[in-house]
Amino acid sequence: LESERQRTRDVEAAAKEELAAERRKLEDSQKAVAQATEARAAAEKSVELLEARNASLQASVAKAEEQLALALSSRNTESGDGGGTGVAGLTVQREKELLAVAMEAKEELSTAQEAAAAAAAHAAHYKS
């Protein structure tokens, strides 16, 4: 009878240990899910911010290109007055500045687009 009691205690103790181990696994899994959810939200927020920055840079590039096109077309329609000034009153130096701004904005746009693509890929990783 005593050996049967001991065997029952041993079985019960093993079952309790197994239950505790399963609970720890469940808690670890829940923590991992919570962390992945937070990481996904952060990645999605990053994508949103980068897309907004991308849109802003695209508008900046479009404006710079428009100003540059206006300056170049004004200079081309002007019959060379020798002063280096176009119809719109833009000097060659100003045209160069506008071109530099346009090039810089294009570079920033390209960088932002690459970052947005990387962030979108990172966010997509959490969706699967």
Report whether or not Leu49 is loosely packed, with under 10 Cβ neighbours inside 10 Å and not basic (Lys, Arg). no
Of the numbered conditions (1) within 20 Å of Ala123 (Cα to Cα); (2) open to solvent by 90 Å² or more (accessible area, probe 1.4 Å), Glu27 satisfies every one except a single condition; which is it? (1)
Cβ-Cβ below 6 Å, separation at least six or inter-chain, first residue in segment 103-128 and within 20 Å of Ala64 (Cβ to Cβ) and of a type in the set (Lys, Arg), second assigned to a helix (DSSP H, G or I) and open to solvent by less than 50 Å² (accessible area, probe 1.4 Å): which pairs? Lys106/Val61
Yes or no: segment 55-63 includes at least one residue that is at pLDDT below 75 and loosely packed, with under 13 Cβ neighbours inside 10 Å. no
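For the structure I just gave you, tell me whether Ser46 is of a type in the set (S, T, N, Q), assigned to a helix (DSSP H, G or I) and more than 30 Å from Met103 (Cβ to Cβ). Full working, then the answer.
Working: of a type in the set (S, T, N, Q): yes; assigned to a helix (DSSP H, G or I): yes; more than 30 Å from Met103 (Cβ to Cβ): no.
The answer is no for Ser46.
Report whether or not Ala21 is under 30 Å from Glu107 (Cα atoms) and of a type in the set (Gly, Ala, Ser).
So Ala21 does not fit the description; no.
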Based on what the data block shows, is Ala116 modelled with pLDDT of 85 or more and part of a helix (DSSP H, G or I)? no
Which of (1) closer than 30 Å to Glu38 by Cα; (2) at pLDDT 80 or above does Ala123 not meet, given it meets every other one? (2)
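The values are calculated or read from the model by the stated rules, or taken from the named source; none is laboratory data. Quick caveat: nothing in here was measured; it's all calculated off a predicted structure. Here Cβ is always computed from backbone atoms with ideal geometry, including for glycine, and neighbour counts include all displayed protein chains. Please note that ligands, DNA and RNA were not included when accessible areas were found on the heavy atoms of the full protein model with its side chains. Shrake-Rupley method; radii C 1.70, N 1.55, O 1.52, S 1.80 Å.
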